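Since every read-out is calculated from the coordinates, none of them should be taken as a lab result. Bear in mind that the values here come from a model prediction, so they are computed numbers and not experimental data.
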Amino acid sequence: MAWPPDAAVRMTNHAVAPVLAPTPVNIGSAAKQSGVSAKMIRYYESLGLLGKVRRTDSGYRQYSQAEVHVLRFIKRARDLGFSMAEISELVSLWNNRRRTSASVKRIAQKHADELAQRVAALQEMQGTLNHLIHGCHGDNRPDCPILDELAGS
């Protein structure tokens, strides 16, 4: 019986069976599995977040399941609003088994603090807009306190 060259052999009590390594996937499949567009996958690769991606003899990218997992990690971090610099640091820490959780917590805490500042600024803008909206008659007259405020009048 011939097995593919990338097959490992698992011995059981009574039989020998091949254990196939998960087949690498092309960029379209990696995009589908990770929820990250092919364009963004290329971008993340150019930033070095995926390391050196294997290519076929004809130059097509081949992503392992581990690399697809990294892409899911990156997507989740992006969904939480982390910057690319922060994501790069988080991926590096994730790959470093000797990391300290304090390093990860520091990055997350800094990001949470920045989000809190942005939320406060947005709430202030919302309050100002609500005040302007309340002062506007919203009728057929041409004068509008909202436009006056925006014009600095």
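Which aspartates and glutamates have a Cα lying under 19 Å from the Cα of Lys105, excluding residues fewer than 8 positions away in the same chain? Result set, ordered by chain and number: Asp79, Glu86, Glu89, Asp113, Glu114. One decimal place: the segment Ser92-Lys105 gains 3.3 nm when fully extended, by the rule 0.36 nm per residue minus the C-alpha distance.
Ignoring lysines fewer than eight residues from Lys39 along the same chain, the ones with Cα atoms less than 23 angstrom from its Cα are Lys52, Lys75.
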